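Undergrad: Have a look at this one before I ask anything.
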Amino acid sequence: MYNFLLSLNSSLSKLLLDKGIVDFKSAIAYVNQLPYGRTSDRSNYRLIIPEHKGTCSTKHAFLKQLAIENNQETVALYIGIYKMDEINTKGVGSVLTKYQLDYIPEAHTYLKINGNILDITRNTKSEAAFEDSLLIEQEILPHQIANYKVTWHQNFLKQWILEEKLPYSFQKIWKIREACILALTQ
């Protein structure tokens, strides 16, 4: 595992140092144990500390920004779109079956450290990892986790609907996707 000491000159490091967290490996462990949930502002990854929760986007963006503030260039932030199905994301199968879909493209945010994927938020039990069904991925910066990520995902879905000649509108596919996400929380 990649590790470095946190700098006193970093604003994010100071948030963690106040909690007794002194290195990146400990920061990863701390952020990993935070409950999964959206913060009050999905674009502000700093809120994961005071609000004690985060999503794949906010948790990984926080860690990427922490690496940036500590001059660590081997930590990269990615968004990927993968074929979300019952095999790699337990709980979505009944929704997909209802709409006669084998999968639905879902956006996910994660880190790559020295080229290796680090995903601290996928806690769904599955037979296959999401990275085995990645369709596309793109390196991004922490400020791109909100509007940019949603727009990129939606544009991908619109193209997918056309290419697959699906009988659903974009709005319907987005509602099906939301039903899949809801199914994961039950």
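Undergrad: How high is the relative contact order of the chain, given as a whole-number percent (alpha carbon pairs under 8 Å, six or more residues apart)?
TA: Across the chain, relative contact order equals 22 percent.
Undergrad: For the pair Gln154 and Asp102, how long in nm is the line joining their label points, each one 7 Å along Cα→Cβ?
TA: Each label point lies 7 Å from its Cα, and together they span 2.8 nm.
Undergrad: Using a cut-off of 9 Å between beta-carbons, work out the net charge of the residues near Glu106 (Lys and Arg +1, Asp and Glu -1, Glu106 not included).
TA: +2
Undergrad: Subtract the Cα-Cα distance of Ser11 and Ile87 from 0.36 nm times their separation in residues, and report this length gain in nm to one decimal.
TA: Full extension of this stretch gives 23.3 nm more.
Undergrad: Please compute the length gained on full extension between Leu135 and His52, using 0.36 nm multiplied by the number of residues separating them and subtracting their Cα-Cα distance.
TA: Extra length available between Leu135 and His52 comes to 26.7 nm.
Undergrad: Using θ = phi - 60° and the Karplus relation 6.51 cos²θ - 1.76 cosθ + 1.60, list the HN-Hα couplings for the stretch 96-106 in order, rounded to whole Hz, with x at every Gly or Pro.
TA: In residue order, the calculated couplings are 4, 4, 4, 9, 6, 10, 6, 7, 9, x, 10 Hz.
Undergrad: Beyond a 23 Å Cα-Cα separation, which of these cross-linked pairs lie in this structure: Lys59/Lys149; Lys83/Lys149; Lys59/Lys112; Lys19/Lys112; Lys19/Lys64?
TA: Beyond 23 Å between Cα atoms: Lys19/Lys112.
Undergrad: Give me the mean projected area, in nm² to one decimal, of the convex hull enclosing the Cα positions of the chain.
TA: For the chain, the mean projected area of the Cα convex hull comes to 10.5 nm².
Undergrad: Length gain on complete extension for the stretch Asp41 to Val22, per 0.36 nm per residue less the alpha carbon to alpha carbon distance?
TA: Here the segment from Asp41 to Val22 would lengthen by 4.2 nm.
Laboratory data are not the source of any read-out in this text; all were calculated from the coordinates shown. Quick caveat, the model's predicted, so the values are computed rather than measured. Cβ: placed from backbone, ideal geometry, glycine included. Neighbour counts: every protein chain shown.
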